[in-house]
Amino acid sequence: MNTDVALSTTAAADARIPAAHPFAAHLQKAAAAEQAHPHRLWTPEDGPLPSIYLSHGAPMLFEMTDWMDQLHRWAHDLPRPKAILIVSAHWEAAPLSISSTEPTELVYDFGGFAPLYYSMRYDTPSAAELAQQVVSLLPDEEQVHEHRSRGLDHGAWVPLKIMYPEANIPVLQLSLPTQDATKLLALGDRLRPLREQGVLVIGSGYMTHGLPFIDWRHTDQVPGWSSDFDLWAKEALARGDVDELAAFRQHAPGMPYAHPTVEHFTPLFVTLGAAADPTAPVKTAIDGYALGLAKRSFEAA
């Protein structure tokens with residue numbers, strides 16, 4: 001019997017991952033956890049899902065066991081969403097655009113990695129209903145373009161494949177249309193009602209992203225610009241200082257090394273805008289560092 005026919009395209013691709021690879025072990029642990037404690041689906045009685053900001057890493061995240069465990073545990077601490085809307089640092093496009101509502105080829109927007117990562121799949125159910133919900137929340141004069149041939153980029157599918165490996169939740173990607181914090185807060189505010197319908201709204205970036213300034217000979221060391229920026233962000237988020245966060249280019253220590261380009265930080269403002277109160281303290285889900293970069297991730301109620 002052809003197992004590729006019997007299994008979903010995602011599961012079939014996962015079955016070809018070498019058994020010794022850390023992600024193969026992650027999939028086994030996730031399956032065992034699901035069997036022991038099935039992930040409960042969100043219901044209206046749960047109240048709105050939080051909006052979250054996550055640091056997503058590159059395909060090498062599939063080799064970082066501790067980080068994968070943190071992401072998967074975080075996902076299972078929340079009810080399983082009915083759908084996911086994600087804004088990634090890796091799709092900057094205006095006017096506002098959405099990815100294909102039907103499963104299509106992933107965007108393998110990275111280079112120099114093992115061939116395995118270019119054969120991974122994440123074929124989720126149709127997101128047509130979610131797309132209609134998103135469009136209904138935007139002003140009539142704001143046209144939203146669907147890129148019917150564009151799948152999820154690695155800022156979306158890499159973390160989601162780790163958090164929700166069953167690929168059984170509709171996922172829609174929304175482009176990052178600007179780097180203006182005020183406008184992104186307003187976009188998040190318009191998306192806020194989705195949370196009351198069981199949609200998980202995600203801003204996906206990286207709390208520090210100074211790749212050109214990493215000392216690749218000593219990746220276990222945390223550069224001062226990375227730790228200083230992370231501490232500044234932690235404290236600003238704890239006191240709900242949105243104005244300080246919005247002025248990160250001028251006020252944050254470690255700039256511009258922490259973010260020589262800013263697209264990995266600014267999805268945070270979509271997350272905060274979608275919160276019931278953007279000035280309320282957030283709940284840290286993941287902190288620490290990987291390759292010297294801050295992987296701080298949080299949820300906002």
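Can you give the extra length, in nm with one decimal, that the chain gains between Lys29 and Thr182 once fully stretched, where that is 0.36 nm per residue apart less the Cα-Cα distance? Before the final figure, lay out the partial values.
Values: separation 153, 0.36 × 153 = 55.08 nm, distance 4.10 nm.
Result for the pair: 51.0 nm of gain on full extension.
Classify the stretch 154-199 as rounded, prolate or oblate, taking a ≥ b ≥ c as the square roots of the eigenvalues of its Cα gyration tensor: rounded when a/c is under 1.5, otherwise prolate if a/b is larger than b/c and oblate if not. Could the numbers behind the result be given before it?
Values: a/c = 3.30, a/b = 1.55, b/c = 2.13.
Because a/c hits 1.5 or more and a/b fails to exceed b/c, the stretch 154-199 counts as oblate.
So, counting K/R as plus one and D/E as minus one, what does the shell of residues with Cβ under 13 Å around Leu174 add up to? Present the calculation step by step, with values, prior to reporting the outcome.
Values: positive: Arg150, Arg190; negative: Glu92, Glu142, Glu146, Asp153.
It works out to a net charge of -2.
Counting other Cβ atoms within 10 Å of each Cβ, which trypsin sites (Lys or Arg not before Pro) in the stretch 186-295 have at most 14 and sit in a DSSP loop? Numbers along the way, then the final one.
Working: sites: Arg190, Arg195, Arg217, Lys234, Arg239, Arg249, Lys283, Lys295; in loops: Arg217, Arg239, Lys295.
Here the trypsin sites (Lys or Arg not before Pro) that fit, given the DSSP loop and packing criteria, are Arg217, Arg239.
Rank His209, His90 by accessible area, highest first, at a 1.4 Å probe radius?
If we order His209, His90 from most to least accessible, we get His90, His209.
Which value, in Å² and to the nearest 10, is the accessible area of Asp215 when all protein chains are kept and the probe is 1.4 Å?
The value for Asp215 is about 60 Å².
If amide hydrogens are placed 1.01 Å from N in the peptide plane, which non-local residues have theirs closer than 5 Å to the one on Ala294?
The answer is Thr208.
Name the residue, out of Ser175, Ser119, Ser227, whose mean-square fluctuation peaks in a Gaussian network model built on the chain with Cα pairs under 10 Å.
Greatest mean-square fluctuation among the candidates belongs to Ser119.
Which of the chymotrypsin sites (Phe, Trp or Tyr not before Pro) found in the stretch 194-301 are loop residues per DSSP with 12 or fewer other Cβ atoms within 10 Å of their Cβ? Could you put the intermediate results ahead of the total?
Numbers: sites: Tyr206, Phe213, Trp216, Trp225, Phe229, Trp232, Phe248, Tyr257, Phe265, Phe269, Tyr289, Phe298; in loops: Tyr206, Trp216, Tyr257, Phe265.
Those that pass, being in a loop and sparsely packed, are Trp216.
Restricting to lysines 8 or more places apart or on different chains, can you count the pairs in the chain with Cα atoms under 28 Å from each other?
For the chain, the number of qualifying lysine pairs is 17.
Full extension from Ile214 to Ser136: what is 0.36 nm times the residue separation minus their Cα-Cα distance, to one decimal in nm?
Roughly 23.8 nm would be gained on extension.
Applying 1/(1 + (r/R0)^6) with R0 = 22 Å to the Cβ-Cβ distance of His145 and Phe110, what FRET efficiency is obtained, to the nearest 0.05? All intermediate terms of the calculation are to be shown ahead of the outcome.
Values: r = 25 Å, r/R0 = 1.12.
Here the calculated transfer efficiency is 0.35.
Counting only Cα, what are the radius of gyration and maximum Cα-Cα distance Dmax of the stretch 83-168, in Å?
Considering the stretch 83-168 through its Cα atoms, Rg and Dmax are 13.6, 45 Å.
Kindly point out which whole DSSP H helices in the chain project their C-alpha atoms 20 angstrom or further along the helix axis while averaging a Kyte-Doolittle hydropathy of -0.5 or above. Write out the running numbers ahead of the final one.
On the way: long enough: 22-36 (21 Å, 0.00); 224-238 (21 Å, -0.16).
Qualifying helices: 22-36, 224-238.
Kindly state, to the nearest 0.05, the FRET efficiency for Ala247 paired with His37, given R0 = 45 Å and r defined as their beta-carbon distance. Could you put the intermediate results ahead of the total?
Working: r = 43 Å, r/R0 = 0.96.
The pair Ala247/His37 has a calculated efficiency of 0.55.
The values are calculated or read from the model by the stated rules, or taken from the named source; none is laboratory data. No experiment lies behind these values; they were computed from the predicted model shown. Neighbour counts run over all protein chains shown; Cβ positions are idealised from the backbone, glycine included. These area figures cover heavy atoms from the full protein model, side chains too; ligands, DNA and RNA do not enter into them. Shrake-Rupley method; radii C 1.70, N 1.55, O 1.52, S 1.80 Å.
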